[in-house]
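Notes follow once the structure below has been shown.
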Amino acid sequence: MADAPEATPTETDQDDKETAGVPTDEDYLGEPGPPLDRHAPFYIGFFGGLGVLVALWLAMQIEAIGSTLMLIVVALFLAAGLDPAVRFFERRGMSRSYAVLTVILAVIAALALFLVAIVPVIADQVRSLTDNAPLWLDQLQRNRQVQRLDDEYDIIEKIEDYVTNGDFAGALFGGAVGVGLAVLGALFNGFIVTVLTLYFLASLRTTTSALYRLAPASRRDRVTRLGDRVVRSVGGYVSGAFIVAMCAGISSLIFLFIVGLSEYAVALAFVVAILDVIPMIGATLGAVIVTAIAFAEDWKIGLACAIFYIVYQQLENYVIYPRVMSKSVDVPGAVTVIAALTGAALFGVVGALLAIPTAASILMLTREVWVRRQDQR
């Protein structure tokens, strides 16, 4: 009987490799090469360029929702400004939920009272101001310098036609449709800010606690204390600015009734109060507007207004403002000017309003974190 053919050494080795689980020659794809050099120029350039593209894309998306982000920021600042009122009721024994509900109801009642009682009066007085504008322009014609300019360029006639034809608002906002859209947009933004403010006020502690938990456990206590101080500083500034503006508006209202401008007193006092919130130039701008209208009415009333606002602004700058803001913000004068100018250049009036509390928060964090760390070295 013939012997079976013996397996060749190659076949035997192949069977042994398959049995041992070692890759066979058919499955073997070679030894892996070294990892990519992360310091290679191509690697750095490729992923660096990819990172730049992603950053540009994110910047474009943020710019696209910039108006929405601004509404959120304003609502957060207003919620922080109302938080001292909530803490006031908490110190009187109320729970947080009832204190928030009380403040929310007070805000809604104040807004309703303003819309029902003040807005019609302001509208009537603004209409009266518009009706009297041509008379004031006629009075300007008696000035020799104005007459000389009017003879050359017909300035008075052009201004009078512009005011009496009622095209000022249309030209400013782009026609009747533009005026309607601007009003609807302002009302919608106001509604959104109001809703967000009430929501942030109700969940302020929950929101800040969630943000603080993002910090490492070893630093969470310090981050919490710093964050709470920032919130208190912002809230103190917002509520303080409101108090200062109310003082300016109420004092203007009383003064205008005394000097004989009762016909426009409510509207002008409201303008002064609104403009007084704007840092640096707001109070001066409101005083100039009121004084100009007073001079157009009677030069004696105009002179009285000029004297009153010069005296009042000194009182506000050196007595009212320092006392109201003493426990909220501590910002040097130069930093205040720089912050307000920078905020106005970046985000307009809203940026100017939010610049000072933001600068105060940055200064506080710099003193507590950076300066203290540098002192320990």
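Points to keep in mind about this one:
- Ordering 50, 71 from the fewest to the most neighbouring beta carbons within 10 Å gives 50, 71.
- Cα→Cβ-extended label distance, 7 Å offset, between residue 223 and residue 347, nm: 2.3
- Compared with the direct C-alpha span, the chain from residue 280 to residue 184 gains 31.6 nm at full extension, assuming 0.36 nm per residue.
- Shown is the FRET efficiency for residue 298 and residue 367, computed with R0 = 51 Å from the Cβ-Cβ distance and rounded to the nearest 0.05: 0.45.
- Ordering 199, 318 by the number of other Cβ atoms within 10 Å of each residue's own Cβ, fewest first, gives 318, 199.
- Of the trypsin sites (Lys or Arg not before Pro) found in the range 180-228, those in coil by DSSP whose Cβ has at most 15 other Cβ atoms within 10 Å are 213, 219.
- When you restrict to C-alpha pairs under 8 Å that are six or more residues apart and normalise by the size of the range 233-328, the relative contact order lands at 34 percent.
- Sorted fewest first by neighbouring Cβ atoms within 10 angstrom, 191, 270, 295 come out as 191, 295, 270.
- Calculation over all alpha carbon pairs of the range 210-250 in 5 angstrom steps from 0 returns a P(r) of 5, 23, 17, 14, 11, 9, 9, 6, 4, 2 percent.
- Rg and Dmax [Cα atoms of the range 233-328; Å; Rg one decimal, Dmax integer]: 13.4, 44
Each value in this text was obtained by applying a stated rule to the coordinates, not by laboratory testing. On a predicted model such as this, the values are computed, not experimentally measured, just so you know. Positions of Cβ are generated from backbone atoms using ideal geometry, with glycine treated the same way; all protein chains shown enter the neighbour counts.
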